[in-house]
Amino acid sequence: MKAFWQVAILKKEPSKQKWFLPTLIILIIGSVPWYRVEGEMGNVLFGFPVWIWTSIICSLGVAILTAIGILRFWRDDDDVS
């Protein structure tokens with residue numbers, strides 16, 4: 001885990017992080033319920049179909065990942081080291 005944070009502390013553009021874009025794409029693809037059979041209700045969790053919870057969790061993941069990319073990795077030319 002220590003090695004991860006040493007790499008993550010580097011100030012690079014989010015798109016230059018090897019894990020950033022693939023993770024973002026996987027979360028976006030996972031949020032679309034393309035894997036469901038048309039017309040099938042599926043399992044229900046807390047009154048909502050499971051695919052809705054999957055979509056909400058993936059959307060939160062995209063939001064958190066975007067915030068990490070902006071706050072931790074993004075570097076403007078105006079920033080002073």
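The values are calculated or read from the model by the stated rules, or taken from the named source; none is laboratory data. Predicted, not measured: the structure shown is a model, and the values here were computed from it. Every residue, glycine as well, gets a Cβ built from its backbone with ideal geometry; the counts of neighbours run over all protein chains shown.
Could you check, for region 37-58, whether at least one of its residues is touching a strand residue (DSSP E or B) at 6+ places or on another chain (Cβ under 9 Å), modelled with pLDDT under 80 and at positive phi? Yes, that holds for at least one residue. For region 46-65, the set of residues classified as surrounded by fewer than 12 Cβ atoms within 10 Å (Cβ to Cβ) and either in a helix (DSSP H, G or I) or in contact with a Phe, Trp or Tyr (Cβ under 6 Å, 6 or more places away or on another chain) (or both) consists of 63, 64, listed by residue number.
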